[in-house]
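The structure appears right after this line, and notes come after that.
FYI, it's all coordinate maths here, none of it is from the lab. Model, not experiment: these values are computed from the prediction. Note that each Cβ is placed from the backbone with ideal geometry, even for glycine, and that neighbours are counted across all protein chains shown.
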Amino acid sequence: MEPDTLYALDNVTLFIGNDSFGAGSLVLSKSKVTWSSHLGAFSQAWIYPEIVMHAISPASKVVDSPCIYCHLDGEEVTELRFVPPDEGHMDEMFFAFNRGAELNPDPVNEEELEEEEEPFYFNTEEFGISSDDPKVKLHPSGLGMMSPEDFMAMMVQQGVPIYDDVNEAFGEAEGEGENEGTTDGDGQV
């Protein structure tokens with residue numbers, strides 16, 4: 001067994017969609033899942049980020065015994081089913097798939113993170129913002145919602161002062177109150 005192998009099992013039947021590719025060897029390494037036909041006619045490998053979901057599936061119309069079901073990411077929905085020679089291998093196979101997925105998290109897409117930013121909720125009347133503004137969405141509670149950036153830009157346009165910190169907002173000068181309650185070695189503040 002290769003040093004990066006998490007799990008290997010022979011006589012695993014592969015189904016892609018509803019089509020069986022017969023029995024072969026399944027190898028789960030730290031970076032990919034590989035299945036090779038015993039006949040040598042077909043071999044396929046998938047990296048873990050391509051496998052968006054895996055689960056233990058009971059017998060179904062497609063497969064008459066429990067299997068590991070995988071859903072692949074792609075333009076078309078692709079389903080894989082790995083059927084072990086007997087049910088006794090299911091848990092170990094499943095945990096190997098889990099470990100491979102843990103070692104290969106989905107890449108972080110910074111643009112998607114920015115798009116998923118939590119909206120800012122506000123009382124439209126209190127801030128004098130019309131709910132008719134195209135940047136404002138209404139929450140079922142009646143509050144307005146918009147991105148924090150759009151809200152801040154709108155406040156600046158309306159001349160509302162924006163402060164970087166609490167001290168600035170309440171007029172405290174920098175350095176005031178920083179050493180209150182602390183003393184040097186002689187008891188002097």
Considering amide H positions built from the backbone, and no H for Pro or chain starts, which residues 5 or more places from PHE42, or on another chain, come under 5 Å of its amide H? SER37
Quick calc: nm separation of the 7 Å Cα→Cβ label points for LEU143 and ASN11 -> 6.1 nm
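What full-extension length gain, to one decimal in nm, is calculated for PHE21 and ASP64 as 0.36 nm per residue of separation minus the Cα-Cα distance? Before the final figure, lay out the partial values.
Working: separation 43, 0.36 × 43 = 15.48 nm, distance 1.50 nm.
In short, 14.0 nm is gained.
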Under 5 Å between amide H atoms, partner at least 5 residues away or on a different chain: which partners does THR78 have, H built in plane at 1.01 Å? LEU72
Simple spin-label estimate for VAL156/TYR121, 7 Å along Cα→Cβ, in nm, reads 2.6 nm
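If a/c stays under 1.5 just call it rounded; otherwise compare a/b with b/c (prolate if a/b is bigger, oblate if not). Do that for the stretch 5-103, with a ≥ b ≥ c from the square roots of the Cα gyration tensor eigenvalues.
Numbers: a/c = 1.16, a/b = 1.11, b/c = 1.05.
Verdict is rounded for the stretch 5-103.
Only counting other Cβ atoms within 10 Å, I'd like HIS38, HIS54 sorted with the fewest neighbours first.
On the way: HIS38 13, HIS54 20.
Least crowded to most crowded, the residues run HIS38, HIS54.
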